[in-house]
Amino acid sequence: MNGRSMVEEWARAYQPARARWAVIVWEAAGLAYLHWTTARLFGLGADLSVALAVVFALVWVVGSWQVLRMGVYVSEHAVRVRGVVRTRTIPWAEIDGVAVDDVVQRVGPLRVPAGRTVVLALRGGGQVDTAMWERGLDFHHRPQLFRDVCRELRDRVPAAHSRT
């Protein structure tokens, strides 16, 4: 072992906005409406309707938990980008720089502009989208926080390289 603790201390790079709760409530309303329309459209009886409600409730709980956990986390040794479906951990030593760039997301054949997003430039030539959008829920009404988080991430890269 290299002397590091087996348990890494992770800290969220920023405090999430309260607007995430609005997303969670919106998802609950959407799933309730989907349940209501599905039960009526297919004429589900009471037992099937309750079973469908339980499935939707479980999906909502898991999805809500993931939405609350989404974000960028930092430790002394790495950056962790936690999305709804995927989590990626990148050691600071593999990060060449931090930039704000206009990002386009691909959804099948569609290209959807995501706006100005913080990206991690990797030493191997690739990049990692952090999903920290300048106009996203967490930063839309807090532009100074967006700049502060970018600055903190940028400042950590040379510090991490000097330790290696």
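What residues qualify as long-range amide H neighbours of Gly115, i.e. H under 5 Å apart, gap of 5 or more or another chain, H built at 1.01 Å from N?
Amide H to amide H, under 5 Å and 5 or more residues apart or across chains, Gly115 pairs with Val103.
Which angle between 0 and 90 degrees, to the nearest 10, do you get for helix 143-163 versus the longest principal axis of the chain when only C-alpha atoms count?
Here the helix axis deviates by roughly 50 degrees.
Which cross-chain or sequence-distant (5 or more) residues have an amide H under 5 Å from the amide H of Val98, H modelled 1.01 Å from N in plane?
Close amide H contacts, sequence-distant or interchain: Ala121.
Over segment 5-164, calculate the relative contact order: mean separation of alpha carbon pairs under 8 Å at least 6 apart, over the residue count, as a percent. Don't skip to the answer; put the middle values down first.
Values: 209 pairs, mean separation 32.3, N = 160.
Normalised by residue count, the contact order of segment 5-164 is 20 percent.
If you plug each phi of segment 109-115 into the Karplus form 6.51 cos²θ - 1.76 cosθ + 1.60 with θ = phi - 60°, what whole-Hz ³J(HN,Hα) values come out, in order, with x for Gly and Pro?
x, 7, 10, 10, x, 9, x
Report, to the nearest 10°, how far helix 46-69 tilts away from the longest principal axis of the Cα atoms in the chain, using its own Cα long axis and a range of 0 to 90°.
Between the helix axis and the principal axis of the chain, the angle is about 10 degrees.
How tilted is helix 19-41 with respect to the longest principal axis of the chain? Cα atoms for both, answer in degrees (0 to 90, nearest 10).
30
Please list the non-local residues whose amide H lies under 5 Å from the amide H of Ala78, H modeled 1.01 Å from N, same-chain partners needing a gap of 5 or more.
Sorted by chain and number, the residues that satisfy this are Trp92.
If I ignore ligands, DNA and RNA and count only protein heavy atoms, how much of Leu137 is accessible to a 1.4 Å probe, in Å² to the nearest 10?
90
Hey, got the dipole for the chain? About the Cα centre, +1 on K and R Cβ, -1 on D and E Cβ, debye to the nearest 20?
Numbers: 21 positive and 15 negative charges, 24 e Å.
The dipole of the chain has a size of about 120 debye.
Sort Val72, Val104, Val50 from largest to smallest accessible area, using a 1.4 Å probe on the heavy atoms of the protein chains.
Numbers: Val72 0, Val104 65, Val50 90 Å².
So the residues, ranked largest to smallest area, are Val50, Val104, Val72.
The values are calculated or read from the model by the stated rules, or taken from the named source; none is laboratory data. Fair warning: this is a prediction, and the values are worked out from it, not measured in the lab. Neighbour counts run over all protein chains shown; Cβ positions are idealised from the backbone, glycine included. To get the accessible areas, we keep the full protein, side chains included, count just its heavy atoms, and leave off ligands, DNA and RNA. Shrake-Rupley method; radii C 1.70, N 1.55, O 1.52, S 1.80 Å.
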